[in-house]
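Some notes on the structure that comes next.
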Amino acid sequence: MNPDEHDELDRSLVSPRDRFGERFRTNLSAEGIQAAVIEHEVRSLSLTLDELAATGDVPRAAALILSARRRYIGGEGKAAAYAQLLNADLSATLSNVFLIDGRGLSPITVLTDVRSSDVLIVFSMRRYREETIRLGRLFHEAGGQVVVITDSDDAPLAGLATALIRVHTASASYADSPTAVAAVCHLLSTLTTASAKGARRRLSVRDHYAAELAVYRPDPDAEGRQ
């Protein structure tokens, strides 16, 4: 099967159950499954990064995030893990970064006070959670800017995106690949931080308070390197 045929089949297998039945046969060895997964992960990552390098979509999204007054990050289900990952990196170097997790910060709280200078970074992957679609649509309708990280140009929120970042998630597993999504989180946070005023100062202050609060295990070799 050529790569295009594999991608077409992958998109037709909507649920993890469908993909499990198609891909895991009783005669498959662990070594064979491992080889197939590695091959597809490398391909999905390479395709994503090559396309993003050509389009410039990530630098555009980074500029939008930098210019925003408040930065909100959201995603549901598995996408919530991607939102947490990006939030961890961005909040270390930027102010006013907020994770919409439904506990500390709810969608209704965010939507009550949207400004045109606010940006929502939203992760929306198949099977496309309705909560995420509604949040992105309502945030857009309230006048905010929306960065959509998704797996298809035809995804429900793609047409509302101020900046659209597409990732390839095809996999040899029953689960869609997270590899390219994690790489995009890393790339987006790196580009944003590189141009952020005060990033170095914020990182230094974080290190100071991390030491004061004994957040991390002491490094026994640290004194010798100073």
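Points to keep in mind about this one:
- Per-pair calculated FRET efficiency, R0 = 25 Å: Arg206 and Tyr174 via Cβ, rounded to 0.05: 0.05
- In a simple Cβ point-charge model (Lys, Arg +1; Asp, Glu -1; nothing else charged), the chain has a dipole of about 920 debye relative to its Cα centre.
- Among Leu111, Leu64, Leu157, the largest mean-square fluctuation in a Gaussian network model of the chain, built with springs joining Cα atoms closer than 10 Å, belongs to Leu111.
- Charge-dipole axis of segment 54-206 as Lys and Arg at +1 and Asp and Glu at -1 on Cβ define it, positive-most pick from Ser171, Leu188, Leu203: Leu203
- Phi angles across segment 36-46 convert, under the Karplus curve 6.51 cos²θ - 1.76 cosθ + 1.60 with θ = phi - 60°, into 3J(HN,Hα) values of 5, 5, 4, 4, 6, 5, 4, 5, 4, 5, 5 Hz, Gly and Pro given as x.
- Label zone at Val42 (point 7 Å along Cα-to-Cβ), backbone N below 17 Å, segment 145-188: 170-173, 179-180
- What the Cα atoms of segment 54-206 give is an Rg and a Dmax of 14.6, 44 Å.
- Relative contact order of segment 54-206: 27 percent, from C-alpha pairs under 8 Å at least 6 residues apart in sequence.
- Taking the chain as a Gaussian network of alpha-carbon nodes connected by springs under 10 Å, the highest mean-square fluctuation of the residues Gly32, Gly136, Gly102 belongs to Gly32.
- Within a Gaussian network of the chain (alpha carbon springs, distance under 10 Å), most fluctuating of Glu141, Glu130, Glu212: Glu212
- Residue-averaged [θ]222 nm for the chain, counting only DSSP H segments that reach four residues, each worth -39500 (n - 2.57): -16000 deg cm²/dmol
Values quoted throughout were computed directly from the atomic coordinates according to the rules given, and no laboratory measurement underlies them. Everything numeric here is computed off the predicted structure, so don't read it as measured data. Cβ coordinates were reconstructed from backbone atoms using ideal geometry, including for glycine residues, and neighbour counts include every protein chain displayed.
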